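The values are calculated or read from the model by the stated rules, or taken from the named source; none is laboratory data. Please read these numbers as outputs of a predicted model, since none were measured by experiment. Note: ideal-geometry Cβ built from the backbone for every residue, glycine included; neighbour counts use all protein chains shown. Surface accessibility is based on the protein's heavy atoms, side chains included, excluding ligands, DNA and RNA. Shrake-Rupley method; radii C 1.70, N 1.55, O 1.52, S 1.80 Å.
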Amino acid sequence: LPCALPWSLTQPVTPDLLVSPSSQDGDMGSECPEDRGNWTGRLDFLLSCIGYCVGLGNVWRFPYRAYTNGGGAFLVPYFIMLAICGIPIFFMELSLGQFSSLGPLAVWKISPLFKGVGMGTILIVSLVAIYYNMIIAYVLFYLFASLTSDLPWQHCGNWWNTDLCLDHHIIKAGNNTLPVNISNTVSPSEEYWSRYVLHIQGSSGIGNPGRIRWNLCLCLLLSWTIVYLCILKGVKSSGKVVYFTATFPYLILVMLLIRGVTLEGAWRGIQFYLTPQFDHLLSSKVWIEAALQIFYSLGVGFGGLLTFASYNTFHQNIYRDTFIVTLGNAITSILAGFAIFSVLGYMSQELGVPVNQVAKAGPGLAFVVYPQAMTMLPLSPFWSFLFFFMLLTLGLDSQFAFMETIVTAVTDEFPYYLRPKKASFSAVICIALFLMGLILTTEGGMYWLVLLDDYSAGFGLMVVVITTCLVVTRVYGMKRFCQDIHMMLGFKPGPYFRACWLVLSPATMMALLVYNIVKYQPSEYGNYRFPTWAEVLGILMGVLSCLMIPLGMVVAVLQEEGTLWERVQQASRPAMDWGPSLEENRTGAYVASLAGSQSPKPLMVHMRKYGGITSYENTAIEVDREMEEDEEESMI
């Protein structure tokens with residue numbers, strides 16, 4: 001290990017492999033993990049995972065997906081897909097991170113040939129972090145706008161409103177006296193969002209973004225400042241912040257739920273949300289939508305779960321935590337649906353229109369429909385503030401995970417240079433991503449945000465997850481991976497997990513990938529259709545993360561010796577220092593490992609070529625023989 005170098009220079013005595021863990025200097029085993037940082041308590045990890053998984057998608061995507069895909073019947077494929085690909089992949093990521101105590105790049109010591117998967121992950125997370133914090137900036141904008149006695153999107157008559165603006169009071173009381181075609185009108189909240197907040201009329205399209213909206217720019221700066229202050233000391237600071245950001249949204253959600261179900265007409269929305277339409281289950285689209293919801297809601301493939309688990313103690317019960325987080329995430333989504341649709345039911349009754357005409361997903365729900373519904377309630381600024389504060393806390397802890405993933409991945413690659421300066425490095429990353437996100441604060445910034453949202457974590461993320469699953473089970477070996485989990489938890493995963501990892505999870509992910517490619521639709525925002533060059537740019541964003549995998553393979557092969565096939569074989573084997581980070585946890589095959597060597601066979605070649613201590617060569621031969629036996633068994 002890199003941290004062992006000073007020790008070896010000052011005390012050039014018996015080689016590490018010939019010394020038992022108990023006879024070594026006590027400081028040596030703990031120097032690296034202490035320098036890297038750990039959670040200060042078990043709840044830090046659990047709450048961080050809950051905060052990471054329970055995000056904006058639970059509020060603005062799940063309810064809409066449920067009602068458009070069979071209502072209550074959607075819960076059947078939802079929980080089946082949770083069992084097939086959600087829980088198993090979630091547990092796999094936590095296991096990899098906790099076993100190795102490494103970030104998304106360094107963890108590929110498990111098979112250096114596939115280090116490009118980690119590079120692709122970091123690229124995806126960086127792109128997502130740029131636009132995700134812009135959404136948080138929008139939330140901050142609305143949060144500040146709610147600090148008034150009269151919400152600014154409540155009535156028409158403002159400078160940003162047009163002649164098409166018509167508020168709900170006129171719709172409700174003046175329909176008979178005003179000869180207005182309601183279908184050709186626009187709500188005050190929609191014009192506030194598009195014409196005041198975004199000022200999208202100042203842009204002719206994605207190629208002409210217009211001027212920077214300085215109020216949005218300041219909100220984006222504030223959101224990056226909040227994120228930086230919370231990750232300043234790594235998991236030791238963010239682990240404490242999540243005690244608030246991961247729990248407080250539940251309090252607000254319950255308050256909104258109670259207020260929603262007590263409104264007149266709430267039953268209309270809830271009935272619309274949950275009425276089962278079992279004929280939808282015969283459609284493949286419903287099953288694909290359920291799998292997509294699970295895939296993105298749990299945040300698998302982004303590296304956040306692996307990063308958080310890498311700061312655990314070696315024997316943390318991540319098996320229990322997996323079920324707590326995944327099932328808690330599902331229940332939260334369902335509760336959020338009740339809170340949203342109860343208010344939409346009340347809103348549809350007030351406007352005298354069907355629920356499906358007011359129901360939307362994504363930013364349309366958060367920044368247009370729900371704010372409009374808030375104006376119909378007594379104490380509307382109070383409920384508006386609560387709603388946007390809930391969105392703020394939901395978004396922040398997901399953003400913490402994205403940033404911690406990027407920082408951890410790079411500092412684990414360059415521990416000597418960056419770990420002592422982690423706070424400064426985090427500041428550099430935040431500033432860089434803030435500057436790259438400035439285009440999102442322009443009048444046409446929403447077009448760029450939609451492009452990033454559609455392509456940054458699309459098929460590229462699925463390729464990353466599929467490759468990870470196949471490498472762990474096929475290249476590294478299912479038997480060896482289960483033995484690693486047995487070392488940590490005291491038991492091996494059962495047939496359910498092994499079947500999912502080997503067949504069901506990768507098959508489901510591949511089906512999702514094929515579906516996304518076959519059913520590809522160009523991006524659009526309202527009536528705006530993106531030009532061809534923008535589509536090509538978006539596709540390149542997804543392709544670039546996939547190209548990291550073959551690029552990483554080329555680099556790994558070039559670092560080895562021998563014929564091409566020998567190089568591929570050597571690079572696909574785990575690095576010699578792969579395994580638990582603490583000496584007391586390195587049992588079994590991991591006791592006999594040399595720090596810093598690339599793979600067992602190059603070590604043998606080096607020893608035979610240059611000579612050396614016999615015990616080193618014997619160790620290399622034993623490790624090599626064990627690995628070859630495992631490979632033969634897996635082939636049989």
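Results, tabulated for the structure shown:
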quantity	calculated
Net dipole in debye of the chain [+1 Lys, Arg Cβ; -1 Asp, Glu Cβ; about Cα centre; nearest 20]	960
Using a Förster distance of 25 Å, the FRET efficiency for Trp533-Arg211 (Cβ separation, nearest 0.05)	0.70
Length released on extending from Tyr496 to Asn356, taking residue separation times 0.36 nm less the Cα-Cα span	46.5 nm
Dipole-positive endmost among Phe481, Val463, Gln293 within the chain (Cβ charges, Cα centre)	Gln293
Total charge dipole magnitude, the range 322-462, about the Cα centre, Cβ charges on Lys, Arg, Asp, Glu only, Debye to nearest 20	200
Extension gain (nm, one decimal) between Phe278 and Leu232, 0.36 nm per residue minus Cα-Cα	11.6 nm
Carbon + sulfur, % of accessible area of the range 213-290 - ligands and nucleic acids excluded, 1.4 Å	72
Matching label, Rg and Dmax of the Cα atoms in Å computed from the structure shown, candidates (i) 25.7, 82; (ii) 33.2, 116; (iii) 26.7, 99	(iii)
Degrees, to the nearest 10: 318-351 long Cα axis against longest axis of the chain	10
Thr148-Phe382 pseudo-label distance in nm [points 7 Å out on the Cα-to-Cβ vector]	2.0
R0 of 35 Å, Cβ-Cβ distance Ser204-Val554: FRET efficiency to nearest 0.05	0.25
Binned Cα-Cα distance frequencies in the range 538-583 - 10 Å width, integer %	23, 34, 27, 14, 1
Largest to smallest accessible area among Ile334, Ile212 [probe 1.4 Å]	Ile212, Ile334
Difference of contour (0.36 nm per residue) and Cα-Cα distance, Tyr243 to Leu438	67.1 nm
Solvent-accessible area per residue for the chain (1.4 angstrom probe, square angstrom)	41
With Cα atoms, 0 to 90° folded angle of helix 478-489 axis to the chain main axis	80
Within the chain, longest stretch clear of exposed GluC sites (Glu not before Pro) (DSSP loop, no more than 15 other Cβ within 10 Å)	265-560
Rounded FRET efficiency, nearest 0.05, which uses the C-beta distance separating Phe79 from Arg42 and R0 of 45 Å	0.95
Environment charge of Thr326, counting only residues whose C-beta is closer than 13 Å and scoring Lys/Arg +1, Asp/Glu -1	-1
0 to 90° range, to nearest 10: angle between helix 380-413 axis and the chain longest Cα axis	20
